[in-house]
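Heads up: the structure comes next, in structure tokens.
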Amino acid sequence: MTTPSLVLELKQVCKHFPGVKALQDVDLRLFAGEVHALLGENGAGKSTLVKVMTGALAKSSGDIYFNGQNCSFASPAAAQQAGISTVYQEVNLLPNLSVAQNLFLGHEPRRFGLIQHQKMQQQAQQLLLRFKLNIDVTAPLAQYSVAVQQLIAIARGVAMSAKVLVLDEPTASLDSSEVQMLFDVMRQLREQGVAIVFITHFLDQVYQISDRITVLRNGSKVGEYLAADLPRSRLIEAMLGKELQQLTHQAATTTPAVAEPLLVLNNIAVKGSISGVSLTVAQGQAVGLAGLLGSGRTEVCRAVYGVDALSQGEIQFGGKTLRLQQPADAIKAGIALCPEERKTEGIIGPLSIRENIMLALQARRGWWRYLPVKQQQQLAAFYIDKLQIATPDADKPIEQLSGGNQQKVILARWLAINPQLLILDEPTRGIDIGAHAEILLLIKSLCQQGMSLLVTSSELEELVAFAGKVVVLRDRQKVTELSGDTMTAPHIMQAIAEG
Amino acid sequence: MMSVRYLPLWITAALLCLLFGIGGWQFDGFASLAVVSNLFSDNAFLLIVALGMTLVIISGGIDLSVGAVIALSGVAASLLISQYQWHPLLAFALILPVAALFGALMGVLIHVYKLQPFIVTLAGMFLARGLATTLSEESVAINHSFYDAIAEFGFALPGGGWVGASTMIFIVLLLLVIVLMHYSRFGTYVYALGGNSQSAELMGVPVARTTIAIYVLSSVLAALAGIVFTFYTFSGYALAGVGMELDAIAAVVIGGTLLTGGSGFVIGTVLGVLLMGVIQTYIIFDGSLSSWWTKIVIGLLLFGFIVLQKLLSRRTALTTAARSTAHG
């Protein structure tokens with residue numbers, strides 16, 4: 001491959017879900033024999049883009065050119081047939097089938113229409129040796145560790161002898177020697193002219209292996225760069241963005257210095273995720289959690305809300321030690337959480353706005369004390385008015401609202417029970433700019449009313465605008481704490497990037 | 001892990017041998033080829049239906065319509081032969097493609113509209129049973145030289161055993177289904193769908209084609225079972241096979257197939273049907289127990305096996321949990 005040729009080109013691709021614009025006019029160019037890193041924060045649209053590219057999702061508009069021809073793949077099978085194979089973020093293999101069956105599913109060696117099991121097993125063994133895996137290929141996949149399964153998934157992609165290989169977070173569950181092995185195989189494939197799309201949130205790895213970088217943010221393309229020309233700091237800037245500056249230039253909310261601490265995390269750890277995180281949230285204070293995807297932001301929120309059990313450390317709340325077995329315990333104590341995954345963990349799609357709002361209040365009252373419909377209607381009307389939720393009436397199913405309005409409904413759900421601590425995990429993700437500003441203003445006014453907040457956000461300017469203090473996480477550990485004059489977006493960025 | 005996969009199968013086989021041994025020890029003539037061959041010929045229709053049910057359940061679905069399809073195909077066959085004077089083979093040649101269409105319709109509904117197989121095949125059950133009753137409310141007797149020939153076809157085994165047409169048809173179908181499940185891509189796809197249909201789709205499995213084919217096969221096998229049932233009764237009756245879909249499901253589960261799909265063996269289902277048959281034979285030999293004791297014992301067995309399934313799948317759940325924490 002002397003002159004790199006354009007293998008896959010995406011032009012102005014859009015993908016809309018009800019209430020969310022997941023992709024907005026995204027372009028992507030993919031050349032033969034290159035490793036192309038696709039970067040962006042959580043929710044930037046990377047996974048959606050991959051799914052559109054590989055036929056798992058239909059695009060809403062735009063064009064996809066494969067080898068110069070305009071095409072769009074109806075299914076992953078069609079894309080695979082054409083030579084685009086994908087290793088998805090979560091291991092998408094079949095735990096009940098054998099390793100060999102997983103590797104060759106749909107491509108089994110056959111004679112007279114019958115699968116040749118022995119030949120298939122031999123080929124599987126040989127293929128895995130490239131990854132220095134010497135395992136029993138007849139055993140069910142479920143028997144092996146996630147790392148091995150991930151390598152098997154990659155081996156499957158390689159076995160398809162694809163023209164385009166898409167690796168979505170392939171290294172998340174691999175240790176460093178396994179990562180190096182994977183990179184060796186990727187280099188081999190690159191030499192053979194395969195175009196590789198590499199998605200990761202490990203920036204070190206990006207610079208180790210990639211030739212070209214495309215950055216996405218909020219479903220749009222920020223830019224395409226040559227890896228050699230893009231310093232790390234500019235890359236992070238591109239990923240996190242600065243566009244909110246004009247909205248949130250006001251100074252941080254000043255908290256009275258004497259405020260009592262409400263939440264104290266004392267060196268908490270969760271098995272298999274965060275470790276050694278300590279922080280304090282004072283009464284009426286907003287504390288920001290900053291860090292890249294996978295840094296442990298969400299995991300801290302989940303631990304405080306009682307979703308994941310602590311393996312170490314303790315949570316003190318209002319001076320007492322909390323023992324959380326489940327989120328219901330946290331709610332009882334006065335802790336609320338707006339989750340990052342609004343669609344799957346926040347809203348209950350087919351239920352109406354009113355029903356979504358009253359969920360937490362009803363849960364607190366218990367089964368037997370049903371909230372009268374009239375009171376529910378008053379409550380819904382109150383919050384629709386107060387939070388300016390754009391809807392004709394309270395009985396519309398919440399899934400028909402835009403992302404920003406959905407978020408307001410979730411906020412109303414928690415405001416209805418007036419929690420002492422409100423945890424907001426990426427409250428402005430996937431929300432249009434107008435609703436964005438309103439939610440930020442709401443956060444500020446809640447603080448002034450004395451509610452404590454713990455907020456994660458990838459938008460650093462946004463954090464700086466309302467937080468009294470920002471805690472920076474990296475590799476699932478706390479790195480530093482910034483407040484006062486040192487709490488600026490560049491400082492936070494630096495703390496995130498230093499590795 | 002390997003042994004865990006086969007564990008329910010071994011337990012069923014061991015129970016079968018144990019019960020057979022006890023029967024042979026208690027009663028003269030129990031442990032004989034005559035009893036064994038009767039097990040097959042008396043249960044041939046159930047065995048055939050259960051083959052299809054195994055496929056459906058491994059793929060993660062269920063087919064409640066098979067009992068009614070047995071009745072419909074039996075009534076249709078006997079009417080065509082007795083009232084319209086069709087040759088039996090010609091009647092079968094009409095019935096089987098119609099059954100395939102019926103299965104395809106259910107498969108399409110399940111796949112295209114993402115409907116629960118339970119409710120779609122329940123609708124299919126009412127439809128087929130209703131059609132059968134509309135065709136004839138009375139039992140329709142079959143008098144045809146072909147049926148006499150079928151009844152005489154076969155060979156004797158030592159000790160009073162007899163391998164007849166029904167048993168032979170079943171054995172041929174069993175071999176075909178085993179080859180299909182373990183030596184064809186389609187078979188792997190069936191397991192793949194039951195393992196995780198989303199992953200299967202992302203891996204390029206033709207989900208639509210496979211789903212439809214699974215229900216076509218199940219309906220065709222049920223129609224064949226209905227035909228074999230007419231060999232046994234020399235008649236077609238609209239109320240035949242009521243509840244047989246449940247017997248088939250019970251046999252599949254007792255044979256070690258996971259109700260959640262993805263894991264199981266056709267041969268286990270055969271053992272499941274035989275175990276149910278041996279229980280019945282034992283009760284007949286005993287003479288003092290009501291035949292309903294068969295149901296009681298099968299009920300208890302089912303309880304035992306679903307608890308066993310749960311315990312086994314909990315191990316798998318642990319692996320998945322480990323997986324998701326490592327991912328988070």
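Brief remarks on what is shown
- The condition of being in contact (Cβ under 8 Å) with a residue 40 or more places away in the chain and touching an Asp or Glu at 6+ places or on another chain (Cβ under 7 Å) holds for only one of A:18, A:76, A:4, that being A:18.
- Residue selected from the stretch A:168-180 under the condition away from chain B (no Cβ under 14 Å) and out of contact with any Ser or Thr (no Cβ under 6 Å at 6 or more places or on another chain), by the criterion surrounded by the most Cβ atoms within 10 Å (Cβ to Cβ): A:180
- Looking only at the stretch A:108-142, and only at residues there that are touching a residue at least 12 places away in the same chain (Cβ under 8 Å) and among the polar types (S, T, N, Q), the one that is farthest from the other protein chains (Cβ to nearest Cβ): A:125
- Residue in the stretch A:56-66 that is within 15 Å of residue A:167 (Cα to Cα), of a type outside the set (S, T, N, Q) and surrounded by 22 or more Cβ atoms within 10 Å (Cβ to Cβ) present: no
Matching residues to (1) within 14 Å of chain A (Cβ to nearest Cβ); (2) under 30 Å from residue B:200 (Cα atoms); (3) modelled with pLDDT under 90:
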residue	(1), (2), (3)
B:258	yes, yes, yes
B:265	yes, yes, no
B:289	no, no, yes
B:293	no, no, yes
B:300	no, no, no
B:318	yes, yes, yes
B:324	yes, yes, yes
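- Contacts under 6 angstrom Cβ, first residue in the stretch B:276-300 being in contact (Cβ under 8 Å) with a residue 24 or more places away in the chain, partner surrounded by 13 or more Cβ atoms within 10 Å (Cβ to Cβ) and assigned to a loop (DSSP other than H, G, I, E, B), 6 or more apart: B:277/B:43; B:285/B:27; B:285/B:30
- Where a residue in the stretch B:92-119 is over 16 Å from residue B:221 (Cα atoms) and its partner, wherever it lies, is of a type in the set (D, E, K, R), with Cβ under 8 Å and at least six apart: B:117/B:63
- Helices (runs of 4 or more DSSP H) contained in the stretch B:1-111 and holding at least 2 residues surrounded by fewer than 22 Cβ atoms within 10 Å (Cβ to Cβ): B:2-26, B:33-42
- The stretch A:20-40 - residue that is part of a loop (DSSP other than H, G, I, E, B) and out of contact with any Gly (no Cβ under 6 Å at 6 or more places or on another chain) and, of those, surrounded by the most Cβ atoms within 10 Å (Cβ to Cβ): A:40
- Applying the criterion of being at pLDDT 85 or above and under 21 Å from residue A:195 (Cα atoms) to the residues of the stretch A:81-100, the residue that is surrounded by the most Cβ atoms within 10 Å (Cβ to Cβ) is A:86.
- Only one of A:151, A:105, A:94 that is facing chain B (nearest Cβ under 7 Å), within 25 Å of the chain's Cα centre (by Cα) and free of Cβ contacts under 8 Å to residues at least 60 places away in the same chain: A:94
- Scanning the stretch B:184-241 for residues that are in a loop (DSSP other than H, G, I, E, B) and within 14 Å of the chain's Cα centre (by Cα) returns a single hit, B:241.
- Within the set A:400, A:388, the sole residue that is touching an Asp or Glu at 6+ places or on another chain (Cβ under 7 Å), modelled with pLDDT under 85 and over 30 Å from residue A:493 (Cβ atoms) turns out to be A:388.
- Any hit, the stretch B:254-263, residues being touching a Phe, Trp or Tyr at 6+ places or on another chain (Cβ under 7 Å), part of a loop (DSSP other than H, G, I, E, B) and closer than 19 Å to residue B:70 by Cβ: no
Rundown of residues vs (1) at pLDDT 80 or above; (2) in the same structural domain as residue A:160 (by TED's automatic domain parsing); (3) in a helix (DSSP H, G or I), yes/no style:
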{"site": "A:208", "(1), (2), (3)": "yes, yes, yes"}
{"site": "A:216", "(1), (2), (3)": "yes, yes, no"}
{"site": "A:236", "(1), (2), (3)": "no, yes, yes"}
{"site": "A:252", "(1), (2), (3)": "no, no, no"}
{"site": "A:258", "(1), (2), (3)": "no, no, no"}
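- Complete set of residues in the stretch A:41-96 that are within 15 Å of residue A:220 (Cα to Cα) and part of a strand (DSSP E or B): A:61, A:62
- Listed by position, the strands (runs of 3 or more DSSP E) enclosed by the stretch A:379-498 that each have at least 3 residues that are out of contact with any Leu (no Cβ under 9 Å at 6 or more places or on another chain) and closer than 28 Å to residue A:278 by Cβ are A:477-483.
- Residues located in the stretch A:276-305, provided they are over 20 Å from the mean Cα position of the chain (by Cα) and in a loop (DSSP other than H, G, I, E, B): A:276, A:283, A:284, A:285
Listed here are the residues, each with its yes/no results for (1) at pLDDT below 95; (2) within 9 Å of chain A (Cβ to nearest Cβ).
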site	(1), (2)
B:172	no, no
B:191	no, yes
B:248	no, no
B:262	yes, yes
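The values are calculated or read from the model by the stated rules, or taken from the named source; none is laboratory data. Predicted, not measured: the structure shown is a model, and the values here were computed from it. Backbone-built Cβ (ideal geometry, glycine too); neighbour counts: all protein chains shown.
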